[in-house]
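See structure below.
The values are calculated or read from the model by the stated rules, or taken from the named source; none is laboratory data. From a predicted model like this one, the values you see are computed outputs, not experimental measurements. As a convention, Cβ positions derive from the backbone with ideal geometry for all residues, glycine included, and neighbour counts pool all protein chains shown. Please note that ligands, DNA and RNA were not included when accessible areas were found on the heavy atoms of the full protein model with its side chains. Shrake-Rupley method; radii C 1.70, N 1.55, O 1.52, S 1.80 Å.
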Amino acid sequence: MDAARVHLYTHPACLGHVPGAAHVEVPARLEAVTGALSDAFPGLPWHSAPEATRAQLLRVHDPSLLALVLDSRFAEGDPPMHLDPDTVVGPGSAGAALRAAGAGIAAVDAVIAGGAARAFCAVRPPGHHAGHSTPMGFCLLNNVAVAAAHAVHGHGLSRVAIVDFDVHHGNGTQEILAGEPSMLYLSSHQSPLFPDTGRSDGGGNALNRLLAPGTGSSGFRQAWDEHLLPALHAWRPQLVLVSAGFDGHRLDPLADLRLDADDFAWLTTRIRAIADRHAGGRLVSTLEGGYSLPALAEAVTAHVGALA
Ligand SMILES: [Zn+2]
């Protein structure tokens, strides 16, 4: 592999999770992302995401969650089963979830082996609301937490940071990482907003910055410049993982943070600089939210452009 470039991970099975016609977390999101990245960066290498193994998932999830997500059985034509009002499993969900989690595993392996410096995982369903034993908020498995646990328990790293700029708080990630001295969680999110967690600084190994509805670019950049990025820098991460949600974009239908694509590029450049300084450049970013297809395409192009 060419270590100088950003390596991209995806799998067609990630299109097979179909929450329903009225749902915003649709397969077309992933097609918008892969199409935009292929058009904008025709030279970047794509890799087929493997399936995560049960052992890799059990580092962060309870067996009861794996039974629900991976072992539910469906006859042909069965409708998806609701786990909560927003979150479903259907016939293609297990395959999608396994590849979404496996992408991060493969990307972590690649950046630690030195075959790639940076990677972006174009996968769905998203992950950061999935807790130890609870699927939630469109999320079945916590892709970024699985990757973090792999870096720590599979590769022996002792300082892995998860940077989450999705407009929602990654309550599942914060819950899974709580009490893990080798992991740090940093998030900015709109508040109030689903899931109404992360309403304090966080405590322990979590640092949250709350952004009021309508915050816009300057307030977003200030939160990262003055609070979250200095904390990331001071921690000297050996690997930086990113929960890359683009639902803070001003066109997104689920939130009101009013960011532009430039804001995602701005933050990505700064996260990358800290990874370059402390982590030998090792950075793995994974798609979380983003529900306006044009905004998602524009923002992910800005993000990967800043990684490249
Ligand atoms: Zn989100």
Legend entry - Members of segment 97-116 that are buried (at least 24 other Cβ atoms within 10 Å of the Cβ) and either among the aromatic types (Phe, Trp, Tyr) or over 15 Å from the mean Cα position of the chain (by Cα) (or both): VAL111, ALA116
Inset, instruction - Among the residues of segment 1-18, write down those that are under 17 Å from ARG99 (Cα atoms) and either free of Cβ contacts under 8 Å to residues at least 12 places away in the same chain or buried (at least 19 other Cβ atoms within 10 Å of the Cβ) (or both). - result: HIS7, LEU8, TYR9, THR10, HIS11, PRO12, ALA13, CYS14, LEU15, HIS17
Legend entry - Filtered residues of segment 151-170 (kept if buried (at least 24 other Cβ atoms within 10 Å of the Cβ) and of a type outside the set (Asp, Glu)): ALA151, VAL160, ALA161, ILE162, VAL163, PHE165, VAL167, HIS168, HIS169, GLY170
Legend entry - Within segment 28-45, tally of residues that are in contact (Cβ under 8 Å) with a residue 60 or more places away in the chain and either crowded, with 17+ Cβ neighbours inside 10 Å or over 17 Å from GLU298 (Cα atoms) (or both): 9
Legend entry - Which listed residue, of HIS153, HIS168, HIS129, is in contact with a Gly (Cβ under 6 Å, 6 or more places away or on another chain) and either under 26 Å from LEU211 (Cα atoms) or more than 12 Å from the ligand (Cβ to nearest atom) (or both): HIS129
Inset, instruction - Could you tell me whether segment 176-191 includes any residue that is in a loop (DSSP other than H, G, I, E, B), touching a residue at least 12 places away in the same chain (Cβ under 8 Å) and crowded, with 23+ Cβ neighbours inside 10 Å? - result: no
Legend entry - segment 132-150 - residue that is touching a helix residue (DSSP H, G or I) at 6+ places or on another chain (Cβ under 8 Å) and open to solvent by 10 Å² or more (accessible area, probe 1.4 Å) and, of those, nearest to the ligand (Cβ to nearest atom): MET136
Inset, instruction - Restricting attention to helices (runs of 4 or more DSSP H) lying wholly within segment 200-308, give those where 1 or more residues are open to solvent by 10 Å² or more (accessible area, probe 1.4 Å) and within 16 Å of the ligand (Cβ to nearest atom). - result: 293-307
Inset, instruction - Only residues that are within 21 Å of ALA36 (Cβ to Cβ), of a type in the set (Asp, Glu) and more than 14 Å from the chain's Cα centre (by Cα): list them for segment 257-296, please. - result: ASP260, ASP262, ASP263
Inset, instruction - With the condition kept exactly as written, say whether any residue in segment 91-104 is outside any helix (DSSP H, G or I), more than 30 Å from TRP235 (Cβ to Cβ) and touching a residue at least 40 places away in the same chain (Cβ under 8 Å). - result: yes
